[in-house]
Amino acid sequence: MPLNDCRLIELPKITDPRGSLTFVEGEFHIPFSIKRVYYLYDVPGGSDRGAHAHKNLHQFVIAMSGSFDIVLDDGSRQRRYHMNRSYYGLYICPMMWRTLDNFSSGGVCMVLASECYDESDYLREYSDFLSVASKK
Ligand code: TYD
């Protein structure tokens, strides 16, 4: 899938003097229904996460606290996104190599995913990713 299928999505933000509230509804705000939620936290400075692709998984990534970068790579082009607002998320379509880096201290990355965890959906070697991507 091309890089342009991935995009930042602005979520509703309800602000009042008590604070802000944001919500995400599967198949409405994001183009898939949500089967799994996981989050990355306590990430040491300088650590990279990700560095893999998924064959079929759709994901939506939100910086719940602090900030980090996501680099997407479709096999021919790369784009870097700086994530630092809880009312924005990045939709990542299948067959996109992703790396997360530049985590701030206290950075929390929440991921909404279209499927339960399945190791067989991962492409963990960049050469395997390129070979599958070239056949699409
Ligand atoms: P991985 O997806 O490689 O982490 P990241 O891309 O964020 O660096 O997962 C790290 C480990 O956690 C790996 O052993 C698989 C396991 N894991 C689960 O058991 N369930 C999950 O939902 C996820 C995302 C990972």
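The values are calculated or read from the model by the stated rules, or taken from the named source; none is laboratory data. For clarity, every value in this text was computed on a predicted model and none was experimentally measured. Counting neighbours? That spans all protein chains shown, and the Cβs are built from the backbone with ideal geometry, glycine included.
Residues in segment 1-27 that are among the charged types (D, E, K, R) and out of contact with any Asp or Glu (no Cβ under 9 Å at 6 or more places or on another chain): R7, E10, K13, D16, R18, E25, E27.
Restricting to segment 38-70, and then to whatever is touching a Lys or Arg at 6+ places or on another chain (Cβ under 8 Å) and within 25 Å of P12 (Cα to Cα), can you tell me which residue is surrounded by the fewest Cβ atoms within 10 Å (Cβ to Cβ)? Among those residues, the one meeting the criterion is D69. Residue check: is Y117 away from the ligand (no atom under 14 Å from the Cβ) and in contact (Cβ under 8 Å) with a residue 60 or more places away in the chain? No: the conditions fail for Y117. Taken over segment 98-112, the criterion of being of a type in the set (S, T, N, Q) and within 11 Å of the ligand (Cβ to nearest atom) is satisfied by T99 alone.
Take segment 122-131 and flag every residue that is under 13 Å from L57 (Cβ atoms) and near the ligand (Cβ under 10 Å from one of its atoms). Hit for segment 122-131 is Y122, nothing else. In segment 89-108, the condition of being within 16 Å of Q59 (Cα to Cα) and small (G, A, S) is met by at least one residue. Any residue at all in segment 112-126 that's basic (K, R) and not in a strand (DSSP E or B)? The answer is yes; a qualifying residue exists. For segment 11-55, the set of residues classified as more than 16 Å from the ligand (Cβ to nearest atom) and not in a loop (DSSP other than H, G, I, E, B) consists of K13, I14, T15, D16, G19, S20, L21, T22, G26, I30, listed by residue number. Filtering segment 76-97 for residues that are within 11 Å of the ligand (Cβ to nearest atom), outside any strand (DSSP E or B) and at pLDDT 95 or above leaves an empty set.
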